[in-house]
Amino acid sequence: MDGTTFEAMKAALRGPVIGPQDQDYTEARTLYNAMIDKRPAAVVRCMDAADVMAAVNFVRDNGLELAVRGGGHSGAGLCLVDDGVTIDLSPMRGVRVDPVARTARVAGGSQLGDLDHAAHGFGLATPAGIMSTTGVGGLTLGGGHGYLTRKYGLTVDNLASADVVLADGSFVTASEDENADLFWALRGGGGNFGVVTSFDFRLHPVDTVGMGITVWPLDMIGEVLRWYREFLPKAPEDVYGFFASLVVPPGPPFPEEIHGQKMCGVVWCYTGDPGAVADTLSVVDEAGPPAFHFTSPMPYPALQTLFDELIPKGLQWYWRGDFFDQISDDAIDVHARYAESLPTNLSTMHLYPVDAAAGRVGQDDTAWAFRDAVWSGVIAGIDPDPANAGAVTQWAVDYWDELHPHSMGGAYVNFIGAGESPERVKSTYRDHFDRLGTVKKAYDPDNLFHANQNIEPTA
Ligand code: FAD
């Protein structure tokens, strides 16, 4: 971008416009995933919807490449584009809770922790992911699942409306009653349709929950997964538990004798009476004696921040995902082998439940196309050392190659890894893909918003 264009953009916006010559540039192009190393021509920190409209118009009129940044957590680094402009919503954080209507208006650059904290003040919450630093924007637009999903559905199932800046610079609201086709597409279709400057969510009475962590020795992974695959789908909707293969972290609550050991486990959230969590989860013994089992009542936002310190910003990440409606014996063999070969202490595989309340929403009610899935799986190679980037990536790719034939054939869009083929986006949306292409044509006919898991406009 030449200097005149850059200066003109600066003049058009209230928020700072940061370029390679600026001191803040390194920080502005640094993402959660340190494996991403892109050099945008400018990062535009938008202060409000007016800034977003001005930035969209400027980028489009000057034929520049565009990306949009919410919380910057995308594994594939979709919120930056080399030599292009990032509309960075990070100054737009804030939540207004209406405790009577049980709703929250959440600014487009907010993080999950902002929403959890503000809603918790009123004993309320809505389903979202399991790390407080993840952006509400990218997570919601992809669908969003977390501890409350079996009880209250996906994040998008709790979205009542969204304010959106479209490719032509106009500002619209999308809801069941207004721009209903756009509202349908926003609920799972990713960042393809515009910049969401604010989300309105429905909230639920969730205050202190029962949490639990159970880990078993790795040589029990077959028995544990066979038990878990039967137990979880039939469990009451108040019981949520995601399965993980992991290296036990070197700190509390884990006893020292298991620190650093490869194990398998389940992280639990119980939304029934928190005092009953120990009794409710005593069933874990049916899988065989755990190496460690811990339960406790815990304020919901504390559960949401449990892993924030363990996996901070700045690590090397590569992930891939798929949906599963069963955990077959063949899949268990694959899980067992790759859990044995976890390449680093932070690398992991998670199976997140997306059944129960999420599974009861109509298949065609939102763009999310896997209402029949029971788990959204992710294989994540993670390490602080850039020298291990290749090894963690290769482990994740090899694992995925072997596991994919035992999946439903498509992944949660937010778990598609860098460099995967466009076919993967199609398989995410199944027979919703064509309808998404039609909505795209109506709202972004020139595909201005293409730095994402892209859906091209179709007639
Ligand atoms: P960004 O990188 O800022 O954006 C990702 C995409 O969304 C980009 O295409 C961007 O253009 C678009 N986008 C973001 N905000 C907006 C907006 N306001 N308007 C328009 N487009 C926008 N997902 C879950 O569902 N559940 C989990 O429990 C979960 N845990 C995670 C834990 C970690 C540590 C990480 C790194 C990710 C996790 N995810 C989880 C995945 C997460 O949903 C995605 O990484 C998501 O893309 C993050 O959104 P973001 O706004 O932080 O990302």
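Observations on the model:
- Working note: Debye formula, equal point scatterers on the alpha-carbon atoms of region 95-205, no solvent; log10 I(q)/I(0) at q = 0.20, 0.23 Å⁻¹ is -1.00, -1.30.
- R0 of 35 Å, Cβ-Cβ distance Glu402-Lys38: FRET efficiency to nearest 0.05: 0.70
- DSSP assigns beta bridges within region 36-189; of those with both partners inside it, close to 55 percent run antiparallel.
- Efficiency of FRET from Cβ geometry, Asp372 and Gln394, R₀ 41 Å, rounded to 0.05: 0.80
- Surface share of carbon and sulfur [accessible, 1.4 angstrom probe, percent] for the chain: 51 percent
- Here the Debye sum runs over all C-alpha atoms of the chain as equal scatterers in vacuum, and log10 of I(q)/I(0) at q = 0.06, 0.07, 0.10 Å⁻¹ comes out as -0.24, -0.33, -0.70.
- For Lys426, the aspartates and glutamates whose Cα falls under 12 Å of its own Cα, not counting residues fewer than eight places away in the same chain, are Asp434, Glu456.
- Ordering of 175-181, 232-238, 293-299, 192-198 by burial proxy (mean other Cβ atoms within 10 Å per residue, highest first): 192-198, 293-299, 232-238, 175-181
- The modelled label-to-label distance for the pair Asn447/Asp168, using points 7 Å beyond Cα in the direction of Cβ, is 2.1 nm.
- For region 266-335, the C-alpha radius of gyration sits at 1.45 times the compact-globule guess of 2.2 N^0.38 Å, with N the residue count.
- Taking 7 Å steps out from each Cα toward its Cβ at Arg96 and Ser296 produces label points 3.7 nm apart.
- Residues in region 1-31 reached by a label modelled at Asn57 [backbone nitrogen below 11 Å; 7 Å Cα→Cβ]: 12-13
- Residue-averaged 222 nm ellipticity for the chain, from DSSP H runs of 4+ at -39500 (n - 2.57), nearest 500: -7500 deg cm²/dmol
- Note on the chain: antiparallel DSSP beta bridges, both residues inside, total approximately 90 percent of the bridges counted.
- Given R0 = 41 Å, the distance between the Cβ atoms of Phe307 and Thr4 translates into a calculated FRET efficiency of 0.35.
- Once C-alpha pairs closer than 8 Å and six or more residues apart are averaged by separation and normalised to the residue number of the chain, the relative contact order reads 17 percent.
- With the gyration tensor restricted to C-alpha atoms of region 208-415, the semi-axes of the equivalent ellipsoid amount to 24, 23, 17 Å, longest first.
- Average accessible surface area per residue within region 343-384, 1.4 Å rolling probe, Å²: 26 Å²
- Cα gyration tensor shape for region 1-50, rounded if a/c is under 1.5, else prolate or oblate: oblate
- Virtual spin-label span in nm between Thr30 and Ala50, 7 Å along Cα→Cβ: 3.2 nm
The values are calculated or read from the model by the stated rules, or taken from the named source; none is laboratory data. This one's a predicted model, so the numbers in the text were calculated from it and none came from an experiment. A quick note on method: Cβ atoms are made from the backbone with ideal geometry, for glycine too, and the neighbour counts reach across all protein chains shown. Note: areas computed on protein heavy atoms with side chains; ligands, DNA, RNA excluded. Shrake-Rupley method; radii C 1.70, N 1.55, O 1.52, S 1.80 Å.
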